[in-house]
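Have a look at the structure below before the remarks.
Read the figures in this text as sums done on the coordinates, not as results from a lab. Quick caveat, the model's predicted, so the values are computed rather than measured.
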Amino acid sequence: MISRFAKAFIAIVVALLLLSTISFLHPNSRAYLDPFSGELLGEDGMEKSLRKGQPPPPLAGVEGGVIMSKLGNATAKAALGRATWKLIHTMTLRYPENPTQDERDALSSYFHLLSRLYPCGECAHEFQQLLQKYPPQTSSRRSASLWLCSVHNHVNERLGKEIFDCAHLDDEYDCGCGDEPIGTSALPVNEAVEMMRGGR
Ligand SMILES: Cc1cc2nc3c(=O)[nH]c(=O)nc-3n(C[C@H](O)[C@H](O)[C@H](O)COP(=O)(O)OP(=O)(O)OC[C@H]3O[C@@H](n4cnc5c(N)ncnc54)[C@H](O)[C@@H]3O)c2cc1C
């Protein structure tokens with residue numbers, strides 16, 4: 001004769017065995033809640049493992065206001081500007097001639113994030129307004145580099161600086177990277193500049 005205590009003990013053991021079998025067979029039940037972010041994470045710590053078959057969520061943080069405060073030091077502001085222009089012009093001049101949708105999204109997100117995080121808050125504010133008026137052109141290396149050249153010229157104009165001739169982009173930013181300059185592509189660069197000027 002089994003005592004009531006033994007019956008209860010066996011029932012608990014069976015229930016525990018059942019629960020552990022279910023958790024072993026069903027991967028999502030091995031997910032856990034990140035104690036810091038509150039996000040539900042899969043076994044491998046990747047949120048996407050719980051989203052199989054669904055499109056990725058939109059990239060958070062791309063849209064939004066300026067994050068940084070005013071940069072009072074004029075020398076630091078100018079040095080930061082020169083370094084940034086060098087980086088982003090070189091980037092657009094090395095951008096693919098025929099970018100994929102993912103590459104186009106990446107470039108567009110990059111400029112929008114830069115307009116939030118640029119370390120000179122007042123410059124970032126002006127840059128955000130420029131991006132609203134002239135959204136990043138990402139369909140090719142040529143359109144991206146000429147778009148940026150024209151945006152830089154808008155900044156030059158506002159600051160009372162000389163306007164740069166965008167037909168000279170290749171010479172100015174020859175990084176020695178061994179890649180094809182935009183001037184050797186199907187449409188000569190000066191024709192493309194004319195096209196941009198005419199708003200075509
Ligand atoms: C996004 C952004 C916003 C900024 N906003 C402000 C602002 O609001 N107020 C402020 O005081 N400063 C701002 N700056 C800094 C400013 O644009 C200059 O970088 C800084 O004043 C130093 O100027 P510079 O005369 O040395 O030449 P820069 O304008 O820094 O240019 C560096 C070099 O790039 C070349 N160049 C010039 N124009 C072009 C062009 N159109 N296309 C390609 N190459 C070109 C020239 O060879 C030039 O010497 C900003 C910088 C950036 C990146």
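General remarks:
- Computed extension gain for Thr90 through His168, at 0.36 nm per residue and net of the alpha carbon distance, reaches 26.8 nm.
- Stretchable slack from Thr100 to Leu131, in nm (0.36 nm times residue separation minus alpha-carbon distance): 9.0 nm
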